[in-house]
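Enquirer: What follows is a structure written as structure tokens; I'll ask about it next.
The values are calculated or read from the model by the stated rules, or taken from the named source; none is laboratory data. No experiment lies behind these values; they were computed from the predicted model shown. Cβ atoms come from the backbone with ideal geometry, glycine included; neighbour counts cover every protein chain shown.
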Amino acid sequence: MDLDRPIPLASRLVRKAWGSEAWLNAAHPGGMAAIRGGPGEAGGPATLAELVRRHPQVLGPWSRALFGDRAPVFAKLITTDFPPLAHIGFRRRVAPGAFLRRLFMEHALMRSLFGMLAVRDAARFAGFQRAYHDWAALQSIGGWRQDITEDLERALRRFLKPGQEASLASLLRSVRQNRALIAADLNEVDLREQAGRLILLRGGVIHSLFGLSHQVHPRDHAQAALQELITEIRARASRGAPGALLESAARRAHRWRPEDPAPKSEAWLPLDERGGLTLAEVQQAADTTHSLCDFFTPFVWKGRLAFRKGDPTTGLNNDDLSSFAAGVEFSPHRPADYLCQPATQRCRGGRLTRLLDAPGKWPFFSIYRLDLDGTSRAEAVWRADRPKAAFRHIVALGGSVAVRTPGRRAVARPLEPVFVPATLSTGYELASRGEASVLIIAVPGPRPGP
């Protein structure tokens with residue numbers, strides 16, 4: 001396969017009970033990005049994952065030194081029709097035991113509700129889900145402190161087994177009171193107020209978009225070593241330190257413990273879109289998620305009523321919850337502690353914004369945003385050096401951007417990213433006729449910059 005060209009990718013749409021995720025450029029089994037236009041030659045790779053497996057040199061020596069022969073980062077685009085709010089980390093000190101008891105209570109209450117329901121087909125489940133959805137969305141905005149269970153009681157009566165009506169009001173009140181205690185301990189963030197700014201969620205930080213489960217991801221035990229290493233390498237690189245020596249040091253720094261689940265830290269970029277919340281999420285390549293509780297969509301339809309997480313008939317058990325909660329970071333923080341301050345400068349063709357390039361704090365990936373100001377008569381062009389140290393992901397947020405090298409081109413559009421391999425023999429350029437915005441995603445290189 002020709003590795004001296006930008007490679008267009010096709011994202012994979014993953015439907016969820018609460019909305020959808022477009023996995024834009026993943027080399028992960030959960031949503032592998034395809035190479036647009038097919039393999040291009042007999043027997044060539046059809047997906048980004050296959051390309052990296054066959055030709056790991058496309059990642060670049062720097063990325064391979066830090067993270068091995070795998071694509072270390074990918075992006076998603078998340079949409080949901082729930083309120084544009086999120087819980088992020090603890091706002092006050094919480095005893096782990098007390099928090100765990102509330103999780104136990106939440107799941108016990110959901111098991112009780114599950115046992116009350118008589119939902120025998122997909123149509124009835126859809127009716128139940130709509131009623132529950134509306135109640136949960138309204139309650140979440142009020143911190144689960146609004147005593148308005150009557151409407152839900154009336155809506156749910158036709159979905160109950162005979163004789164359960166009298167128990168429903170008490171159950172819903174207990175659900176609301178327990179969730180109010182959980183929500184009160186967490187920071188609530190209005191994502192509309194953070195549009196255009198990154199929110200960093202390292203492994204261990206409890207978080208939830210309203211509409212999704214409260215969850216936590218495994219921590220990266222190499223984070224501290226990577227932060228120190230990349231910071232030192234950048235200082236030495238400015239003094240001309242030999243590349244081979246630096247790569248050797250990087251290989252020694254990033255070691256995985258076989259007993260640990262694959263780590264996942266992620267960054268959210270809220271986008272100001274009409275019709276609901278849209279969130280660009282950039283994350284480490286693993287997709288390990290530990291769901292602690294699900295206020296919004298605890299049940300799904302799988303030919304029968306089932307819990308969305310854990311055992312289909314009983315959900316998550318206390319041992320599962322205890323194991324997941326052991327990885328939670330309980331230290332309290334302010335919402336501002338999770339935010340990145342963008343830095344924008346004019347450049348040829350438009351504006352370049354550093355959203356994230358701080359390996360001393362975040363060694364997993366870097367993100368720049370480029371806004372091009374082309375017109376129908378005058379093309380806007382931004383030129384970049386050859387990415388010989390590490391690959392680039394070009395993810396379009398709006399408009400159409402040509403990713404060009406001499407004699408070759410690929411076009412990045414929303415849901416159609418472009419992979420720029422480190423095997424390019426020249427620099428590349430991004431060009432647009434009309435206004436367009438792209439994210440340039442990579443790993444923090446030996447020197448800062450996109």
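Enquirer: Which of the residues belonging to segment 341-361 are hydrophobic (A, V, I, L, M, F, W, C), closer than 26 Å to LEU415 by Cβ and modelled with pLDDT of 95 or more? Walk me through it before giving the result.
Expert: Pass one, segment 341-361, residues hydrophobic (A, V, I, L, M, F, W, C): 343, 347, 352, 355-356, 358.
Imposing the further condition that a residue be closer than 26 Å to LEU415 by Cβ reduces the set to 347, 352, 355-356.
Result: LEU352, LEU355, LEU356.
Enquirer: Pick from segment 82-131 the residues that are at pLDDT 95 or above, in a strand (DSSP E or B) and of a type in the set (A, V, I, L, M): which of them is farthest from the chain's Cα centre (by Cα)?
Expert: Filtering first and then ranking leaves LEU117.
Enquirer: Out of all the residues in segment 216-236, which are buried (at least 21 other Cβ atoms within 10 Å of the Cβ), within 18 Å of the chain's Cα centre (by Cα) and farther than 17 Å from ILE88 by Cβ?
Expert: Listed by number, the list holds a single entry, ASP220.
Enquirer: Being within 18 Å of PRO263 (Cβ to Cβ) and either part of a loop (DSSP other than H, G, I, E, B) or among the aliphatic types (A, V, I, L, M) (or both): is that true of ALA286 here? First the steps, then the outcome.
Expert: Numbers: within 18 Å of PRO263 (Cβ to Cβ): yes; either part of a loop (DSSP other than H, G, I, E, B) or among the aliphatic types (A, V, I, L, M) (or both): yes.
Here the answer is yes, as ALA286 does meet what is asked.
Enquirer: Cβ contacts < 6 Å: first residue acidic (Asp, Glu), restricted to segment 1-29; second residue assigned to a strand (DSSP E or B), any location; separation 6+ or different chain. Result?
Expert: Here the result reads GLU21/VAL14; GLU21/LYS76; GLU21/ILE78, each pair linking segment 1-29 to a residue that is assigned to a strand (DSSP E or B).
Residues are listed down the side, and each one gets a yes or a no for (1) in contact (Cβ under 8 Å) with a residue 60 or more places away in the chain; (2) of a type outside the set (Phe, Trp, Tyr):
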{"position": "ALA267", "(1), (2)": "yes, yes"}
{"position": "VAL282", "(1), (2)": "yes, yes"}
{"position": "ALA286", "(1), (2)": "yes, yes"}
{"position": "PHE295", "(1), (2)": "yes, no"}
{"position": "PRO298", "(1), (2)": "yes, yes"}
{"position": "ALA326", "(1), (2)": "no, yes"}
{"position": "PRO342", "(1), (2)": "yes, yes"}
{"position": "ARG348", "(1), (2)": "no, yes"}
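Enquirer: Here are some conditions: (1) within 30 Å of LYS16 (Cα to Cα); (2) touching a helix residue (DSSP H, G or I) at 6+ places or on another chain (Cβ under 7 Å); (3) modelled with pLDDT under 90; (4) surrounded by fewer than 19 Cβ atoms within 10 Å (Cβ to Cβ). PRO261 meets all but one. Which one does it not meet?
Expert: PRO261 satisfies all of (1) within 30 Å of LYS16 (Cα to Cα); (2) touching a helix residue (DSSP H, G or I) at 6+ places or on another chain (Cβ under 7 Å); (3) modelled with pLDDT under 90; (4) surrounded by fewer than 19 Cβ atoms within 10 Å (Cβ to Cβ) except (2).
Enquirer: Checking LEU77 against (1) within 24 Å of GLY19 (Cα to Cα); (2) of a type in the set (A, V, I, L, M); (3) exposed (fewer than 15 other Cβ atoms within 10 Å of the Cβ), which single condition isn't satisfied?
Expert: (3)
Enquirer: Limited to segment 189-224, what total is found for residues that are closer than 17 Å to PHE330 by Cα and hydrophobic (A, V, I, L, M, F, W, C)?
Expert: 5
Enquirer: Taking segment 307-316 as the region of interest, how many residues are exposed (fewer than 13 other Cβ atoms within 10 Å of the Cβ), among the charged types (D, E, K, R) and assigned to a loop (DSSP other than H, G, I, E, B)?
Expert: Qualifying residue count, segment 307-316: 0.
Enquirer: Only strands (runs of 3 or more DSSP E) wholly contained in segment 317-383 count here; list those with 3 or more residues that are loosely packed, with under 15 Cβ neighbours inside 10 Å. Before the answer, list the steps.
Expert: Numbers: elements: 343-347, 350-356, 366-373.
Hits in segment 317-383: 343-347.
Enquirer: Among (1) part of a loop (DSSP other than H, G, I, E, B); (2) in contact (Cβ under 8 Å) with a residue 60 or more places away in the chain, where does ILE78 come up short?
Expert: (1)
Enquirer: Which condition breaks for LEU424 when tested against (1) at pLDDT 95 or above; (2) within 25 Å of the chain's Cα centre (by Cα); (3) of a type in the set (A, V, I, L, M)?
Expert: (2)
Enquirer: Count, please, the residues in segment 368-396 that happen to be farther than 20 Å from ARG348 by Cβ and at pLDDT 95 or above. Break it down stepwise before answering.
Expert: Of segment 368-396, the ones farther than 20 Å from ARG348 by Cβ are 388-391, 393, 395.
Filter again for at pLDDT 95 or above, leaving 391, 393, 395.
The number of residues fulfilling the criteria is 3.
Enquirer: Just one of the numbered conditions (1) out of contact with any strand residue (DSSP E or B) (no Cβ under 6 Å at 6 or more places or on another chain); (2) within 28 Å of ALA126 (Cβ to Cβ) is not true of PHE307; which one?
Expert: Looking at each condition in turn, PHE307 falls short on (1).
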